[in-house]
Each structure stands twice: as C-alpha cells, then as structure tokens.
Amino acid sequence: MFERLPTVPRSQELLDKAFRRASKAGTTPGNEDAMIKIAGNILSDNLANLVRKFPSFENLPTFYREMVDVTVGIDKIRISLSRLQWASNQTRQITREYLSRMNKGGSRVAIRREAFGRMSSVINSVEKDLYFLGDVRNTLRGIPSINPDIPTILIAGYPNVGKSSFIVDVTGARPEIASYPFTTKGIYVGHFTRDGITYQVVDTPGLLDRPLSQRNDIERQALAALRYLKGVILFILDPSEHSGFPLDSQLKLAEDVKSWVKLPIIVVANKADIMEYQGVLNMSTLTCRGVPEVLDKLIDLLSSNSTSSAL
C-alpha cells in the first residue's frame, strides 16, 4: 500500500541540490537569472512532487485509513503537506519576483544572492515538516500488507500455543514476516486458496496475545481498526499449558479479545496429541489432526458472515 512513498530529503539536502545545479549555470558571466530560475524550479518542483506522491487519505480503504490515523495521525500529515505546498508556492513566487528585478537593473550578483537567501529561509522553515514526513514515510512502509477486501482469518492467543504452526499447516509455506508499527515483534501473514477464493491468515504478536491491561493506547486503537477487515478470529488455547500460560488466563484473554474486536470468533484447543479440552473443537498443529475441520469451520463462518453483510 505504501511501498512507493518517496524518500523525504532534509532541507539542507534540497538546498544543496538546487544551488549546486544552479552554480553550473553560473559559470557563464552574467548568467545570474538562469541560476535563480534553476534553483527556484528545483526547490519548488521537489516540494510539489513530495506533496503529490503522498496518498489521498480519503480514497484509502477504511482499514488502512484507520491504521494511518492510529500510527501517525492523518491531520498531522495534512498539516505538514500543506506547509510543503506553501513552501513550494513561495519559492516559485520568489523566483518570479527576482527574475523581474533582474530586468530592472542593479547588481545581478547581489539580486541573486538575496533570492537564494530568501529561498533558503523558506526551505529551512519547513525543516520540521520534512523530518516528520520522513518518519511518516518509514512508518507507513512498515504497516503490514493486509488486503482488507479479501476474507481474513486473524489468529489470537497467548504465545507458543501454535498460532504460527497453524498458518504453516493451512498455507503450506512459511508465512512472510512484515514489520509492525505497534510492537517490536513481527506480523505473520500467509495465504491459501479454496474453490477459487484467496484467503489470508494473519497472526498479530503483541496485539491479540496480551491482556487488555498490558496494551497501550495505540494497540487499543489498532484493535478497533480490525473491525474493518472481512474476517473471523481463531482463538487458540493450549489446555496442556505447555506454552507456559495457565488455562484460566488463556480463557480470560479469549473473553478480552471478544470484547475488543467485533468480529466472529471461534475458540479451538490445540495440542490434542497431548490432551483434549471439552466443549470446543480440538486440533493438533503438530500432527495436523483436526486442522482441516477447523479450517472448514472458519471458511463456513467467513462465507456466512460475508453473506449476512451483503444482505
């Protein structure tokens, strides 16, 4: 979604680029007007291109728009982009003004130096915005590549209960690991196709495997963004407690997730090769016993949920 966002230069990088290119024209005596024009165009065009290459947030899928707002703040981005557009317009206006002064006489070198000084002041005034947008670009490029328009299975549960193993079992390949802006851990994404329909399976370490009391504000807001996915939640229990977490804590987390993520949820007990748990579906990601049945149940729920949404 955001991989093509441009690298955002610092103010001094922009000025060095513009004045270096302009100085090449200055090797010809009296060519001060060309220097002003070249420097002004480079600065104005570079800033305008940065503004243009950032996405229109109104046109983003709701899921991604929420993610952007959670991680960096859409209003903050808009303010910085508007300041860059202002700087672009100001630089162009300065260029026109000093080219006109060139035609009225006076020291051409002094006029050019004054023009460069005013351009520098304008570009330096948006230094904080360039820094901010550079950080925004890096953050947005790290947002997981999750397609909100295809059916999604979100996996929840404490660590070491078999979440990643389930993705491996149903996708047939090691899941990709993408950077994740909410925690220091990775997000695991796998895909599979059934009857011509592509599904994505997502494990979100640090987001759906911790009690509410341990989550920060950004994580809580991110949970709200998940409601825009066409998905269901698979909550995996480890009744054997080999994961290191008591079953009571796992069950409490399941209730916690239900209260925060307004998506259909299926609770399944893993590690049936060690022991089973009454009252829920059982499976073993180690032997694949019960995994196809769990997957069928999830697909049925996704289909019925999609049909209900369309009615």
Taking segment 87-107, which residues are in a helix (DSSP H, G or I) and among the small types (Gly, Ala, Ser)?
-> 87, 88, 100
Filter segment 256-281 down to residues that are out of contact with any strand residue (DSSP E or B) (no Cβ under 7 Å at 6 or more places or on another chain) and outside any loop (DSSP other than H, G, I, E, B) and give me whichever is nearest to residue 241 (Cα to Cα).
-> 256
Return yes or no: is residue 65 within 30 Å of residue 145 (Cβ to Cβ) and not in a helix (DSSP H, G or I)?
-> no
Residue tally, condition surrounded by fewer than 17 Cβ atoms within 10 Å (Cβ to Cβ) and either among the charged types (D, E, K, R) or closer than 21 Å to residue 11 by Cα (or both), over segment 86-100 | 5
Strands (runs of 3 or more DSSP E) fully within segment 110-227 counting 3 or more residues that are surrounded by 18 or more Cβ atoms within 10 Å (Cβ to Cβ) and at pLDDT 70 or above | 152-156, 187-194, 197-203
Residues of segment 88-127 being within 33 Å of the chain's Cα centre (by Cα) and among the hydroxyl-bearing types (Ser, Thr, Tyr), which ones?
-> 88, 91, 120, 121, 125
Scope segment 61-73; condition surrounded by fewer than 16 Cβ atoms within 10 Å (Cβ to Cβ) and over 17 Å from residue 138 (Cβ atoms); matching residues | 61, 62
Is there any pair linking a residue in segment 12-38 that is in the same structural domain as residue 87 (by TED's automatic domain parsing) to one that is outside any helix (DSSP H, G or I) and modelled with pLDDT of 90 or more, with Cβ under 8 Å and at least six apart or on different chains, and which?
-> 17/9
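The values are calculated or read from the model by the stated rules, or taken from the named source; none is laboratory data. Note that the coordinates shown come from a computational prediction; the quantities given were computed from them, not determined experimentally. Here the Cβ is made from the backbone with ideal geometry for all residues, glycine too, and neighbour counts use every protein chain on show.
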